[in-house]
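The values are calculated or read from the model by the stated rules, or taken from the named source; none is laboratory data. Since we're looking at a predicted model, the values are computed, not measured. Quick reminder, even Gly has a Cβ in these numbers, built from the backbone with ideal geometry, and neighbours come from all protein chains shown. In case anyone asks, the SASA skips ligands and DNA or RNA and just uses the protein heavy atoms, side chains included. Shrake-Rupley method; radii C 1.70, N 1.55, O 1.52, S 1.80 Å.
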Amino acid sequence: MKREILISQEANEKRVAILEDGRLEELYMERSDHGRMFGNIYKGKVKTVIKGIGAAFVDLGTKKDGFLYVADALQNPLDPELDGDSGDIDDEEDDEDEAEGNGRPQKKRRRHHQGRERMKSIDEVLKIGQEVIVQVVKEAIRNKGPRLTTHFSIPARYLVMMPGESKVGISRRIEDRKERDRIRQIFESMELPKGVGFIVRTAGEGKSEKEFARDIRYLTRQWARIEKGMNEGRAPNLIHQELDLVERVIRDHLTDETDKIVVDNKDLFHRVKRFVGIYLQGGHTLKVEMYKGNESLFEKFNVEKEIEATFQRNVYLKSGGHIVIEQTESLVAIDVNTGKFTGTRNLEETVYKNNMEAAWEVARQLRLRDVGGIVIIDFIDMERHENRRNLMRAFKEAVRPDRAKINILPMSELGLVEMTRQRIKASHESTVHRTCPYCNGRGIVKSPTSMAIQTIRELRKALAHSSNRLVNAYVHPTVSERLLNQEKRALQQLESTKNSRIYVFSEPSMHLEDINITFVQ
């Protein structure tokens, strides 16, 4: 497999495209005026404590206050003085990798208590005006401020450090038992720093003790600087800033399969070269090219069209079928259709093949669009249970490369698949687009017929308490055409009833749903 990383900068926007065999598989974008916060560590000040939702709002010195749930504010959120069963635990890892052991990078914990055990109240933990050290685990989205935690995690290339922990966990994506045992033996033989734990990331598979030791030294120095910052300055202030897009790509996405990195900006090119030199030590080499072509870098690699396609509702499959993706306030709905695909043998086989192709494309689109939250996928219903099982198996395999945490529920009898995908920031669509100022996000506008009828209603209302008037009605051209033709008789009847004269004017600059009625006399 040929793997390439393209890095482009235009104005205040950086974009990174990851290609596999020339096909766009992952897309990242970052704008300097948006100010990324994910991974940053702040010394904040508690501004408000709200017992009813078990959370506090923390002043970070940024545009929006962050919110901190009680479970994220405590190393042990359950009252240690009380006994009882631990109850059910629903953990959502905010790190890209899940882990075994006690590792819990940036967790969201919600516990349903049982017996005598109880969750501590937020006002038992935090007080207004109290200073607290927090890390951002989810970006501010729409009107919501950033989500915070006191469970820190500091990532490097192969490891994630977890201050306050004591064990070493291994990413569950490293599935080979012998490899897991090898890594565990390496860490058992190493002298690890006190008071911190580690998670071995997926990229750590096959790495040597020397490479792990290099990451540990880097993370130990990083944590020492952070601890020093905790004791300096007054809240609110920024203690530690996560790497920007370019450095994160080098840290998280360089693999042995990466053939080259192509950059179209001179300053970025030198930064990439420097970081590659830092992270690829021990004889590893990687080709870093400076692109100087006349057309844009993304157009040269046929990526621009694929990016534009990620903002469209319809995604067409090679077979002739298509999927429809609708992003709403509460969830993402994906509908699978056969479209022009008619198959060759029978309906069940046609639907099965279409669903299987759609499963891989849906997984790819989720990564490219970076959508998060609840996702509902409406696959075409199949009669054979074996086909349903194979589809679910294929879909789970398709989402495996996704770095976000994903939870998939079994397919329902209606062919619906419910899933959640980790959301740490707004989707690309939310970044690039804004709500339509004309339809206010509805995605539809009234028809010319509806607006012509509404115009007559507005004229009738305007003339309700007067007669013998001269009235001008300014409307969109398609509405005026309807009024002066199909609705001409209704206008004449209104004029006769009110003994008035109505003139309709076509105004191309007006929105379809706008009506402007003025009295001349």
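So here's what we get for this one:
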read-out	value
Residues within the stretch 483-506 that are of a type outside the set (A, V, I, L, M), open to solvent by 60 Å² or more (accessible area, probe 1.4 Å) and closer than 28 Å to Ile444 by Cα, tallied	5
Number of positions in the stretch 142-179 that are within 27 Å of Arg234 (Cα to Cα), β-branched (Val, Ile, Thr) and open to solvent by 20 Å² or more (accessible area, probe 1.4 Å)	1
Cβ-Cβ under 7 Å pairs, at least 6 apart or on other chains, the stretch 448-461 side of a type in the set (Gly, Ala, Ser), far side not in a helix (DSSP H, G or I)	Ala452/Glu487
Failed item in (1) touching a residue at least 40 places away in the same chain (Cβ under 8 Å); (2) open to solvent by 70 Å² or more (accessible area, probe 1.4 Å); (3) in a helix (DSSP H, G or I), with Asp259 passing the rest	(3)
Single match in Leu148, Leu192 (criterion: in contact with a strand residue (DSSP E or B) (Cβ under 9 Å, 6 or more places away or on another chain), of a type in the set (A, V, I, L, M) and touching a residue at least 60 places away in the same chain (Cβ under 8 Å))	Leu148
Looking only at the stretch 416-457, and only at residues there that are open to solvent by less than 50 Å² (accessible area, probe 1.4 Å) and among the basic types (Lys, Arg), the one that is nearest to Leu27 (Cα to Cα)	Lys425
Positions within the stretch 159-198 being among the acidic types (Asp, Glu), over 22 Å from Thr220 (Cβ atoms) and not in a loop (DSSP other than H, G, I, E, B), in sequence order	Glu179, Asp181
Matching option when the condition is within 32 Å of the chain's Cα centre (by Cα) and of a type in the set (A, V, I, L, M, F, W, C), among Phe187, Phe212	Phe212
Subset of the stretch 411-442 (residues that are under 17 Å from Ile334 (Cβ atoms) and out of contact with any Lys or Arg (no Cβ under 9 Å at 6 or more places or on another chain))	Ser412, Leu414, Leu416, Val417, Glu418, Met419
Sole exception among (1) assigned to a loop (DSSP other than H, G, I, E, B); (2) exposed (fewer than 15 other Cβ atoms within 10 Å of the Cβ); (3) charged (D, E, K, R) for Lys210, by number	(1)
Filtered residues of the stretch 217-233 (kept if open to solvent by 50 Å² or more (accessible area, probe 1.4 Å), in contact (Cβ under 8 Å) with a residue 12 or more places away in the chain and over 19 Å from Arg271 (Cβ atoms))	Thr220, Arg225, Gly233
